[in-house]
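Working notes for the structure below.
The values are calculated or read from the model by the stated rules, or taken from the named source; none is laboratory data. The shown structure was predicted, so the numbers you read here are calculated from the model rather than taken from an experiment. Neighbour counts are summed over all protein chains in view; Cβ atoms, including those assigned to glycine, are modelled from backbone coordinates with ideal geometry. Areas reflect the complete protein model, heavy atoms only, side chains present, ligands, DNA and RNA absent. Shrake-Rupley method; radii C 1.70, N 1.55, O 1.52, S 1.80 Å.
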Amino acid sequence: MEFFADYALIIMIAILVVTTITGVPLGIAMIVSSIFYLVMAGRDVGLAAENVLNGVFGNFVALAVPLFIFAGNIMNAGKVSDRLLSFALALVGRVPGGLAQVNILTSLIFSGMSGSAISDVAGVGKVITGMMTQDGRYPRGFAGAITATSSVVGPIFPPSIPMVFYALISSTSVGALFLGGVIPALMICVTLGVAVFIMAKLRGFPVEASVPLLMLPIVFLRAFPALLMPVILLGGIYSGVFTPTEAAAVSAFYAILLASFAYRVLGLWDFWEVVKATMRTTAVVTIVLCGAFIFNYIITVERLPQDVFALFQSMDLTVIKFLLLLNLLYLVLGCFLDVSTIMLVVTPLFLPAAAALGIDLVHLGIVLVFNMMIGLITPPYGILLFIIKALTGIPVGEMIREIWIFLALLIALLMVLTFSPDLVLWLPRYAGMM
């Protein structure tokens with residue numbers, strides 16, 4: 001038994017890798033491997049339950065995750081995206097590459113409601129991609145690529161589920177993280193908009209018909225209740241009316257009012273389907289969180305973060321070298337691992353080193369979330385590409401051929417944000433959140 005105790009950590013990681021490769025869900029794989037560690041190391045197995053209870057049920061911030069999931073599902077089921085599309089079409093449809101510009105703007109607006117790139121693709125993305133490919137107006141690969149790329153903004157513009165996860169493991173302010181994502185999200189949309197404008201000129205993409213001036217107020221009024229949601233959410237947080245978790249509850253309640261009464265597009269059966277979908281997603285997320293809290297307790301006991309910090313100290317890395325190395329690592333991991341795995345398992349290893357180097361953890365959080373979002377569209381895994389294929393039938397190969405220019409732009413923007421922390425931190429400082 002002493003042999004197993006000496007190599008308990010290595011055996012635990014081996015079990016985690018093997019179970020994950022064989023198709024066991026990540027949360028269950030982490031729980032199983034962690035319990036094996038506790039047994040082999042001669043520790044009380046009850047520590048697993050204790051860490052789950054303290055981490056998940058004793059953390060008020062964690063409650064925000066299912067509420068944001070619920071709000072996003074309500075918005076998708078309530079067909080709110082149709083009104084947002086009409087509003088975006090009236091604003092930017094006449095610009096070269098009109099529908100692609102609408103795609104980008106709608107993703108930004110919808111991101112203020114869902115906090116999830118996958119919800120963005122499943123809701124607005126499916127509709128706009130169909131509009132772009134109808135009658136061959138845009139190449140299928142381009143339509144799928146810009147849909148996947150624009151959805152990256154979802155978890156960067158507040159609210160953001162990955163940022164809630166990051167706040168859980170880093171003890172940073174959710175409000176500061178949310179506000180820190182505003183400028184980067186706008187920069188992403190402007191960058192993509194300019195790129196689409198140039199590509200539209202070069203490739204002759206169509207311009208949409210102008211919306212009559214008299215129709216603009218009507219289109220705006222139809223979308224206005226939905227546009228209010230991020231305003232209420234952010235205004236409530238930064239005015240001190242409610243906490244980020246309470247803001248999640250308010251957004252969920254507002255989504256119900258909006259879909260059921262303002263737009264009258266959500267019946268009882270639709271509501272029940274939303275509740276079931278939310279329960280399924282929340283169960284998956286909660287199991288992952290449970291596994292992560294046990295797993296992180298073990299890596300803390302084994303002093304892995306301190307070992308990583310000592311390794312970086314021995315390498316004598318500057319802040320710039322550290323951030324470059326971290327970005328490169330996350331870009332590679334993002335090609336193969338999902339966001340929850342990287343955020344909950346890998347990220348805690350690097351936080352002590354980042355803090356010791358004087359890197360602001362709010363700035364680091366935005367950079368890492370952005371980095372992981374790039375991973376969602378990076379071949380060969382690129383989960384958003386496969387979701388779009390499942391929804392629209394566009395071959396992944398066609399999207400990959402079109403997505404490289406967008407990937408290059410996003411990585412260039414990632415470098416700008418990495419080495420210009422004031423772009424991230426200015427709004428949180430101005431709002432007094434830091």
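Mind listing whichever residues of the stretch 252-280 are in contact with a Lys or Arg (Cβ under 9 Å, 6 or more places away or on another chain) and open to solvent by 30 Å² or more (accessible area, probe 1.4 Å)?
The initial filter retains those residues of the stretch 252-280 that are in contact with a Lys or Arg (Cβ under 9 Å, 6 or more places away or on another chain), namely 259, 263, 265-266.
Result: 265, single match.
Within the stretch 18-47, count every residue that is over 12 Å from residue 294 (Cα atoms) and modelled with pLDDT under 80.
Going through the stretch 18-47, the residues over 12 Å from residue 294 (Cα atoms) turn out to be 18-26, 39-44.
Next cut, modelled with pLDDT under 80 only: 20-21, 23-26, 41-44.
Total satisfying the criteria: 10.
For residue 365, only one of the following conditions fails: (1) surrounded by fewer than 20 Cβ atoms within 10 Å (Cβ to Cβ); (2) farther than 30 Å from residue 133 by Cα. What is its number?
Residue 365 satisfies all of (1) surrounded by fewer than 20 Cβ atoms within 10 Å (Cβ to Cβ); (2) farther than 30 Å from residue 133 by Cα except (1).
Say we look at the stretch 409-434 and pick out the residues that are assigned to a helix (DSSP H, G or I) and over 18 Å from residue 156 (Cβ atoms); which of these is modelled with the highest pLDDT? Give the derivation first.
The first filter runs over the stretch 409-434 and keeps only residues assigned to a helix (DSSP H, G or I), leaving 409-418, 421-430.
Checking the rest, the ones that are also over 18 Å from residue 156 (Cβ atoms) come to 429-430.
Details: 429: 89, 430: 85.
In this case the residue turns out to be 429.
Among 283, 249, which is small (Gly, Ala, Ser) and crowded, with 17+ Cβ neighbours inside 10 Å?
Working: 283 fails: crowded, with 17+ Cβ neighbours inside 10 Å.
The unique qualifying residue is 249.
If you go through the stretch 398-421 one residue at a time, how many are more than 22 Å from residue 330 (Cα to Cα) and open to solvent by 40 Å² or more (accessible area, probe 1.4 Å)? Step through it out loud before you land on a result.
Of the stretch 398-421, the ones more than 22 Å from residue 330 (Cα to Cα) are 398-399, 401-402.
Next cut, open to solvent by 40 Å² or more (accessible area, probe 1.4 Å) only: 398, 401.
Here the count works out to 2.
Say we look at the stretch 25-40 and pick out the residues that are open to solvent by less than 50 Å² (accessible area, probe 1.4 Å) and of a type in the set (A, V, I, L, M, F, W, C); which of these is farthest from residue 286 (Cα to Cα)? Before you say what the answer is, go through the steps one by one.
Going through the stretch 25-40, the residues open to solvent by less than 50 Å² (accessible area, probe 1.4 Å) turn out to be 26-27, 29-31, 33-34, 37-38, 40.
Then keep just the ones that are of a type in the set (A, V, I, L, M, F, W, C); that gives 26, 29-31, 38, 40.
On the way: 26: 11, 29: 13, 30: 12, 31: 12, 38: 21, 40: 26 Å.
The selected residue is 40.
Which of (1) open to solvent by less than 10 Å² (accessible area, probe 1.4 Å); (2) at pLDDT below 75 does residue 74 not meet, given it meets every other one?
(2)
Can you tell me which of 125, 141 is at pLDDT 85 or above, among the small types (Gly, Ala, Ser) and open to solvent by less than 10 Å² (accessible area, probe 1.4 Å)? Steps first, please.
Details: 125 fails: at pLDDT 85 or above.
Sole residue among the options that is at pLDDT 85 or above, among the small types (Gly, Ala, Ser) and open to solvent by less than 10 Å² (accessible area, probe 1.4 Å): 141.
What is the residue count in the stretch 247-296 for residues that are under 28 Å from residue 53 (Cβ atoms) and outside any helix (DSSP H, G or I)? So that I can check it myself, show each step before the final result.
At the first step, the residues of the stretch 247-296 found to be under 28 Å from residue 53 (Cβ atoms) are 247-253, 275-296.
Then keep just the ones that are outside any helix (DSSP H, G or I); that gives none.
Total satisfying the criteria: 0.
Can you tell me which residue is nearest to residue 427 (Cα to Cα) among those in the stretch 182-241 that are outside any helix (DSSP H, G or I) and without any contact (Cβ under 8 Å) to a residue 24 or more places away in the chain? Walk me through how you get there before you give the answer.
In the first step, residues of the stretch 182-241 are kept if they are outside any helix (DSSP H, G or I); the result is 204-212, 239-241.
With without any contact (Cβ under 8 Å) to a residue 24 or more places away in the chain added as a condition, the list becomes 204, 212, 239-241.
Numbers: 204: 38, 212: 37, 239: 14, 240: 16, 241: 19 Å.
Looking at residues that are outside any helix (DSSP H, G or I) and without any contact (Cβ under 8 Å) to a residue 24 or more places away in the chain, I get 239.
Which residues, counting only those in the stretch 148-177, are within 22 Å of residue 191 (Cβ to Cβ), in a helix (DSSP H, G or I) and open to solvent by 10 Å² or more (accessible area, probe 1.4 Å)?
Hit for the stretch 148-177 is 162, nothing else.
Quick check: anything in the stretch 322-336 within 22 Å of residue 176 (Cα to Cα) and open to solvent by 50 Å² or more (accessible area, probe 1.4 Å)?
Checked the stretch 322-336: no residue is within 22 Å of residue 176 (Cα to Cα) and open to solvent by 50 Å² or more (accessible area, probe 1.4 Å).
Out of curiosity, is residue 237 β-branched (Val, Ile, Thr) and more than 27 Å from residue 167 (Cα to Cα)?
On the way: β-branched (Val, Ile, Thr): yes; more than 27 Å from residue 167 (Cα to Cα): no.
Here the answer is no, as residue 237 does not meet what is asked.
Would you confirm, using the coordinates I've provided, whether residue 312 is without any contact (Cβ under 8 Å) to a residue 60 or more places away in the chain and either under 22 Å from residue 369 (Cα atoms) or in a helix (DSSP H, G or I) (or both)?
Details: without any contact (Cβ under 8 Å) to a residue 60 or more places away in the chain: yes; either under 22 Å from residue 369 (Cα atoms) or in a helix (DSSP H, G or I) (or both): yes.
Yes; evaluated as a whole, the condition is true for this residue.
Looking for something at pLDDT 75 or above, out of contact with any strand residue (DSSP E or B) (no Cβ under 8 Å at 6 or more places or on another chain) and at positive phi - is there at least one such residue anywhere in the stretch 311-318? Steps first, answer last, please.
Residues of the stretch 311-318 that are at pLDDT 75 or above, as a first pass: 311, 314-318.
Filter once more, keeping what is out of contact with any strand residue (DSSP E or B) (no Cβ under 8 Å at 6 or more places or on another chain): 311, 314-318.
After this cut, where a residue has to be at positive phi as well, the list is 316.
Checking the stretch 311-318: at least one residue is at pLDDT 75 or above, out of contact with any strand residue (DSSP E or B) (no Cβ under 8 Å at 6 or more places or on another chain) and at positive phi.
Residue 353 versus (1) in contact (Cβ under 8 Å) with a residue 12 or more places away in the chain; (2) closer than 24 Å to residue 433 by Cα; (3) open to solvent by 20 Å² or more (accessible area, probe 1.4 Å): which is the lone unmet condition?
(3) is the only condition that residue 353 fails.
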